[in-house]
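Peer 1: Submitted below is the structure of interest, expressed as structure tokens.
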Amino acid sequence: MQRFGDFEDLRSLDIDEDSDSEEFRPRRFVLRDLSSTDIMRASHSVSNLALTPDVYPSPPPEEEVIPRRSKRLSTPCRPPSIFGDCFQCTPCSEDTALLQMARKRLMLTPDKSPLKSPEKRPRLQAPKVPLHTELGGYSQQQLVDVIDNLVCRHPCLEDEIRSELKSPDIKPMEGKLSNLRKDIYRSIPSTRWSSSRDSHCFRKVKGHLQAYKKICLDQARSLTKAQCWEAALKYVCIALKFTSKLPDWDEPSHNSIKAQCFSVLAAQCMISLKRGLMADEVLSKYLVKLKSVAHLNKEIEPCVVFIEKALNN
């Protein structure tokens, strides 16, 4: 090992006291290798320092803290875990607060009940529709089925329902015939150069005539099918008046629709008279009405004769 001839050479040696490596630390055996002559030379150069082979000047306390602190900082520290309490390094106050907040968020206790969805507001129920309003939306056949089912389940209701039944209302039927007759006359084209009852005008009106015929005869058949005999006679008298006011066409074949209406109405009138078994007062009333329209068509005359025979017997 190299010998140092002077103590000044020892002071010039660059030693890192803060380093942790033992390679750069001064050892006591360095002074043992020095001879007594060298030691004496060094003692003469520094009068206030007494060096001995076994004594090395100890560093001040401030310098001893530095290597200890460097060792503490150089120790690797694991990142804090939120699932355990063992840490390699002591966390600071801020880290501890963050750690506690993380534990509160992640570590859920079983005592906490799950979140409940907010209660839904009950829906407002529609007000109950009155029975007479609701029945107005049903067809005639549906109402017949409802009443028939009630009577089948409760036979005692039949007599009560019959007592409440009145004569059928014919005004709606009369209103339909009136509107159809107006449509017929509105559809007739007005021209100065030809008659308003010729073939050209008939072709314009034919569709309305067929609609009138269908409605007129269907309403009469519905009354006779329901065995409303008096109402059927009343309707026939009204329908004969509306039919007699239909236009007469120049071509005789074009009047076949009007003739068919008279024929079917007369047949329905005869059926009502034969099956109705009406009282003499009722027959007398309808005898006057039928005589007033008998001149319109000859097929009505048999009905007049039948009433006269019934009254004479």
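The values are calculated or read from the model by the stated rules, or taken from the named source; none is laboratory data. Note that the structure is predicted; figures quoted are calculated from it, not measured. Cβ placement follows ideal geometry from the backbone for every residue including glycine, while neighbour counts extend to all protein chains displayed.
Peer 1: Of everything in region 263-285 that's within 20 Å of Leu217 (Cα to Cα) and among the small types (Gly, Ala, Ser), which residue is modelled with the lowest pLDDT?
Peer 2: Restricting attention to region 263-285, the residues satisfying the condition of being within 20 Å of Leu217 (Cα to Cα) are 263-276.
Cutting the leftovers down to among the small types (Gly, Ala, Ser) gives us 263, 266-267, 272, 276.
On the way: Ser263: 93, Ala266: 93, Ala267: 93, Ser272: 92, Gly276: 86.
It comes out as Gly276.
Peer 1: Restricting the search to region 195-216, which residues are over 17 Å from Val293 (Cβ atoms), hydrophobic (A, V, I, L, M, F, W, C) and within 50 Å of the chain's Cα centre (by Cα)?
Peer 2: Taking region 195-216 and keeping what is over 17 Å from Val293 (Cβ atoms), we get 195-215.
If we keep only those that are hydrophobic (A, V, I, L, M, F, W, C) too, we end up with 201-202, 205, 209, 211, 215.
Val205, Leu209, Ala211, Ile215 - these are the residues of region 195-216 that are over 17 Å from Val293 (Cβ atoms), hydrophobic (A, V, I, L, M, F, W, C) and within 50 Å of the chain's Cα centre (by Cα).
Peer 1: Here's another thing I want to ask about it. Residue by residue through region 178-195, note down the ones that are closer than 18 Å to Asn255 by Cβ and in contact (Cβ under 8 Å) with a residue 40 or more places away in the chain. Reasoning before the result, please.
Peer 2: Initial filter on region 178-195 (closer than 18 Å to Asn255 by Cβ): 180-181, 184-185, 187-188, 195.
Arg181, Ile184, Tyr185, Ile188, Ser195, listed by residue number.
Peer 1: Answer yes or no: is there a residue in region 238-252 that is over 18 Å from Glu174 (Cβ atoms), assigned to a helix (DSSP H, G or I), over 60 Å from the mean Cα position of the chain (by Cα) and not charged (D, E, K, R).
Peer 2: The answer is yes; a qualifying residue exists.
Peer 1: Moving on to the next point. How many residues does region 225-237 hold that are in a helix (DSSP H, G or I) and either within 23 Å of Lys285 (Cβ to Cβ) or not assigned by TED's automatic domain parsing to the domain that holds Lys213 (or both)? Show your work before the answer.
Peer 2: Taking region 225-237 as the starting set, the residues that turn out to be in a helix (DSSP H, G or I) are 225, 229-237.
After this cut, where a residue has to be either within 23 Å of Lys285 (Cβ to Cβ) or not assigned by TED's automatic domain parsing to the domain that holds Lys213 (or both) as well, the list is 229-237.
Residues in region 225-237 being in a helix (DSSP H, G or I) and either within 23 Å of Lys285 (Cβ to Cβ) or not assigned by TED's automatic domain parsing to the domain that holds Lys213 (or both): 9 in total.
Peer 1: Confirm whether Met270 is outside any helix (DSSP H, G or I) and farther than 26 Å from Ser187 by Cα.
Peer 2: Numbers: outside any helix (DSSP H, G or I): no; farther than 26 Å from Ser187 by Cα: yes.
Spelling it out, it is not the case that Met270 is outside any helix (DSSP H, G or I) and farther than 26 Å from Ser187 by Cα.
Peer 1: Do we find that Lys258 is touching a Leu at 6+ places or on another chain (Cβ under 6 Å) and of a type in the set (Lys, Arg) in this structure?
Peer 2: On the way: touching a Leu at 6+ places or on another chain (Cβ under 6 Å): yes; of a type in the set (Lys, Arg): yes.
Considered against the rule, which asks whether it is touching a Leu at 6+ places or on another chain (Cβ under 6 Å) and of a type in the set (Lys, Arg), Lys258 comes out as yes.
Peer 1: Shifting gears a bit: Just to be sure, is Val288 surrounded by fewer than 12 Cβ atoms within 10 Å (Cβ to Cβ) and at pLDDT 90 or above? Lay out the reasoning, then the answer.
Peer 2: On the way: surrounded by fewer than 12 Cβ atoms within 10 Å (Cβ to Cβ): yes; at pLDDT 90 or above: yes.
In short, yes.
Peer 1: Going through region 183-221 one residue at a time, which ones are at pLDDT 90 or above and among the polar types (S, T, N, Q)?
Peer 2: Hits for region 183-221 are Ser187, Gln210, Gln219.
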